[in-house]
1. Check whether at least one residue in segment 110-133 is within 25 Å of SER97 (Cα to Cα) and part of a helix (DSSP H, G or I), and report yes or no.
2. Counting only residues that are of a type in the set (A, V, I, L, M) and farther than 20 Å from GLU47 by Cα, which one in segment 255-279 is surrounded by the fewest Cβ atoms within 10 Å (Cβ to Cβ)?
3. Checking TYR90 against (1) within 30 Å of ALA149 (Cα to Cα); (2) surrounded by fewer than 23 Cβ atoms within 10 Å (Cβ to Cβ); (3) in contact (Cβ under 8 Å) with a residue 60 or more places away in the chain; (4) not small (Gly, Ala, Ser), which test does it fail?
4. Identify, from the list GLU213, GLU203, GLU285, the residue that is acidic (Asp, Glu), modelled with pLDDT of 95 or more and surrounded by fewer than 20 Cβ atoms within 10 Å (Cβ to Cβ).
5. Restricting attention to segment 234-285, report how many residues are of a type in the set (Lys, Arg) and under 23 Å from GLY36 (Cα atoms).
6. Where the second residue is of a type in the set (Gly, Ala, Ser) and the first is on the phi > 0 side of the Ramachandran plot and lies in segment 157-184, which pairs have Cβ atoms under 7 Å and are six or more apart or on separate chains?
Amino acid sequence: MATAPLSPEQLVHLYRFPSKATEKRTLRVISINVNGLRAAHKKGLFEWLETSDADVVCMQETRITHEQWTDKFKPEGWHAHLFAAERAGYAGTAIYSRVPFRAVDGLGFEIADSQGRFTCGEFDFGLDKPVFIASLYLPSGSSGDEAQARKDEFLEKYKAILKNWRDEDKSIIVCGDYNIVHKRIDIKNWSGNQKASGCLPHERAWLDHIYDELGYVDTFRAVRADANLYSWWSNRGQARNKNVGWRIDYHACSPDWKARAVGAWVYRDSWFSDHAPVAVDYELE
């Protein structure tokens, strides 16, 4: 049965972050493609983070070099790590955290590591094993056949790594811009985008494999089955105002995180890029 669209009043509720619950120890993880960290900084990203109750923030498309990553991008009270692309002004990922972590960069293949598309933090939250929280920026294939071929190559190599992590029973949350919608509910214009990169049948089948066969969990959808909840909007045609969006930003988690996911939101009160921050709360007790 199709899910009924939400009313404007319901959307306002779902797009606003509540204060984090205090009855149990809760981990709030936020993912955001910042579309340039310097630009997002000017739009108030770090001021907003101070009010977000975030514990860990995974950023994608930072587009900043280590030389440019000065103290103004490292606010007090945050542990931060940047994995910059070799090419200035391009791609890149970062993790900001209220708690210390050990950073591990890269996936071990060129298209990922030369472009800074994956960085991972190892955390000790007092659980029975270490927890890994990663920031992932999958390539876009929208610029043409060559770009799509590079994206498909990335997906194949990364799929094998995801399987290895499941074989190792690794406890992991991979946040990021996957540049793929999964189901009809995840895109406003389903029919009109069947031949568009990001909505191609084989890309969506890749997500099916990750979730249905490898056992990863889309924890946002595990909590929020509502229609009209998207995370990216084109800059064309008033797409944001009309909420003609795509949900391409995910928390893809090992199965031990499914029962821990207790809240999920997309933040739209302020705009820092063409993507909205996506948050999931996880109980640690």
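The values are calculated or read from the model by the stated rules, or taken from the named source; none is laboratory data. If you're wondering where the values come from, they're calculated on a predicted model, not measured in any experiment. So basically every Cβ, Gly included, is an ideal-geometry build from the backbone, and we count neighbours across all protein chains shown.
1. yes
2. Per the stated criteria, the residue is ALA259.
3. So the condition that TYR90 fails would be (3).
4. None of the other options fit; the residue is GLU213.
5. 4
6. Here the result reads GLY176/SER31; GLY176/SER135; ASN179/SER140; ASN179/GLY198, each pair linking segment 157-184 to a residue that is of a type in the set (Gly, Ala, Ser).
Quick grid of which residues meet (1) of a type outside the set (Val, Ile, Thr); (2) free of Cβ contacts under 8 Å to residues at least 12 places away in the same chain:
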position	(1), (2)
ASN35	yes, no
MET59	yes, no
THR65	no, no
THR70	no, yes
TRP78	yes, no
